[in-house]
Structures are given as structure tokens and as C-alpha cells.
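**Student:** Encoded as C-alpha cells, here's the structure I'll be asking about.
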Amino acid sequence: MTAQALVAQQLAAAAAAYTRAFMDDPFSMWVTPDPVRREHDLPLFFRMAMRYAMRYGGRVEVGDGRPGAVATWLAPDHPLPTNLGMLRAGLLGLLWAGGWSGAGRFFTFGQQLEGLHARDVKQPHWYLWLLAVDPPLQGKGLGGALLRSRLQEADRHALPCYLETAKESNVSLYQRFGFEIRREERLGRDGPRFWTMLRAPR
């Protein structure tokens, strides 16, 4: 499988794949507990995130040109998403749709992860903001192949890579690709456990 850049016409299909994959993600479930609201709001977030990456020099990559497996990376010179940048990429519509309660949890989520990110890695690096494989396609190695492509590029330029995950089953997967746990934390006061992970270049 080869990683190819997402084209604008694929944004909706990629957001739908992300949504199906993240419906049971602990981060998503904490930010938006109601599953009906979550299914409505997640595509708005994923479209915003992909537009942000594309606008600010990141990479949105799909496997073999089809958005069944999607990775969204933020570039080494802009690895931390900014509120202003996200507003320009469509955050306002997401906050309006989610209401005040959803907005409060969203900003708690963002501020906590951003603070840890800034402390965990200070040099230029690739940030794996989002990685998903559409559930019907999971278990076929698509996510790993997509991940491997960008890691090889990072290695060629001697750049580390960083991510967070709230699924414990993902930790061992990322460890197989060379990521090491930096921290184990809890989101907010009542949120899920999550892990920050960093991979040194090879």
C-alpha cells in the first residue's frame, strides 16, 4: 500500500471514515457523551482538523488514494494546533453545533493535551494528530502501512514523532513502530486514561 495525499474532494469520505473509527474512542466519548450528538459532531471536527493540517503545511494521507485509512499529521514547524488556526479551519461551526457543554469539554481536552505536548517534546517533530482505519477494513495492516510511510520520511530527516492515544490496545501497536510512552495521564477530573508517546528518529 502506498500513502497518497488526500484531495479536497475526499474530505467528506475521510471524515466519515474517521467518525466510524472514533465513535467508541474514549476521548470522543468523554467530550461528547451522547452517541447521537457524537455522530453528528465528529465529522465537523475531523473536517476541521484535516483542513487545518492542509492549510498549515501538514499532511493528510490515505492508503492507495482511498480514504478507508487516513492519517493527519502536523508539520515539524507547526506541530501544535492553535485556536486561531482551528477557527480559520472551521472550529466555530463545531463549537456552535456542540453547545456550551461540549465546548467546555473540547477546550479542556485541547488545553490539557497541548500543555503535555509542549512539555514532552520541544524540538521540531511530526505530530500524528489523527490516525484511523474504517472499521470494515481494520485488521488488514492498512493503518500500519500508512504509519510506516510517514515514519520513514521522518527518519530520513532525523525528526522525532509524537502522538497521544486513549486506547490501551493502541499503545503496544505504536510501541512496535518505535514509540515510547512519555506519560500516562487522566483527562480532566473524570475522563479516560491516556498515553503520550514519542518516537526518536532511526
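**Student:** Computing the accessible area with a 1.4 Å probe over protein heavy atoms, can you report the carbon and sulfur percentage for the range 74-202? Let's see the in-between values first.
**Tutor:** Details: 3560 of 6820 Å².
With neighbouring chains kept in place, the figure for the range 74-202 is 52 percent.
**Student:** Still on this structure, please answer the following. For the range 184-202 and the range 104-166, what is the separation of their C-alpha centers, rounded to whole Å?
**Tutor:** Answer, in whole Å: 11.
**Student:** Shifting gears a bit: Provide the gained length on full extension for the span residue 185 to residue 140, in nm with one decimal, where the gain is 0.36 nm per separating residue minus the Cα-Cα distance. Intermediate values should be presented prior to the final figure.
**Tutor:** Details: separation 45, 0.36 × 45 = 16.20 nm, distance 3.03 nm.
Gain on extension, residue 185 to residue 140, equals 13.2 nm.
**Student:** Efficiency by 1/(1 + (r/R0)^6): what FRET value for residue 114 and residue 168, r their Cβ-Cβ distance, R0 = 22 Å, to the nearest 0.05?
**Tutor:** Details: r = 22 Å, r/R0 = 1.01.
Here the calculated transfer efficiency is 0.50.
**Student:** In deg cm²/dmol, rounded to 500, what helix-only [θ] at 222 nm does the chain give when every DSSP H run of at least 4 residues adds -39500 (n - 2.57) and the total is split over its residues?
**Tutor:** Details: 7 runs with 100 residues, N = 202.
Calculated at 222 nm, the ellipticity per residue is -16000 deg cm²/dmol.
**Student:** For the range 132-174, list residues with backbone N below 14 Å from a point placed 7 Å from the Cα of residue 200 toward its Cβ?
**Tutor:** Zone members listed by number: 158-161.
**Student:** Moving to a separate point now. Carbon and sulfur together cover what percent of the accessible area of the range 9-64 at a 1.4 Å probe radius?
**Tutor:** Working: 1370 of 2420 Å².
Percent of accessible area from carbon and sulfur atoms in the range 9-64: 57.
**Student:** Report the charge-dipole magnitude of the chain in Debye, nearest 20, computed about the Cα centre from +1 at each Lys and Arg Cβ and -1 at each Asp and Glu Cβ. Intermediate results must be reported in sequence, preceding the final value.
**Tutor:** Numbers: 25 positive and 19 negative charges, 54 e Å.
Using only the charged Cβ atoms, the result is roughly 260 debye.
**Student:** Using r as the Cβ-Cβ distance of residue 36 and residue 12, and R0 as 22 Å, what FRET efficiency do you calculate, to the nearest 0.05? Let's see the in-between values first.
**Tutor:** Values: r = 20 Å, r/R0 = 0.89.
Calculated value: 0.65.
**Student:** For the chain, what is the percent of antiparallel DSSP beta bridges, rounded to the nearest 5?
**Tutor:** Once the DSSP bridges in the chain are tallied, antiparallel ones form about 95 percent.
**Student:** Further question on the same structure: Excluding ligands, DNA and RNA, what is the solvent-accessible area per residue of the chain at a probe of 1.4 Å, expressed in Å²? It would help to have the intermediate numbers written out before the result.
**Tutor:** Numbers: 9970 Å² over 202 residues.
The answer is 49 Å² per residue.
**Student:** Okay, moving on. If each of residue 24 and residue 1 carries a label point 7 Å out from its Cα toward its Cβ, how far apart are those two points in nm?
**Tutor:** 1.9 nm
**Student:** Which residues' amide hydrogens lie under 5 Å from the amide hydrogen of residue 68, considering only partners 5 or more residues apart or on another chain, with H built in the peptide plane?
**Tutor:** 63
The values are calculated or read from the model by the stated rules, or taken from the named source; none is laboratory data. All figures in this text were calculated on a predicted structure; none of them were measured in a lab. When we count neighbours, we look across all protein chains shown, and the Cβ atoms used for this are built from the backbone with ideal geometry, even at glycine. The area values use the complete protein model at the heavy-atom level, side chains included, leaving out ligands, DNA and RNA. Shrake-Rupley method; radii C 1.70, N 1.55, O 1.52, S 1.80 Å.
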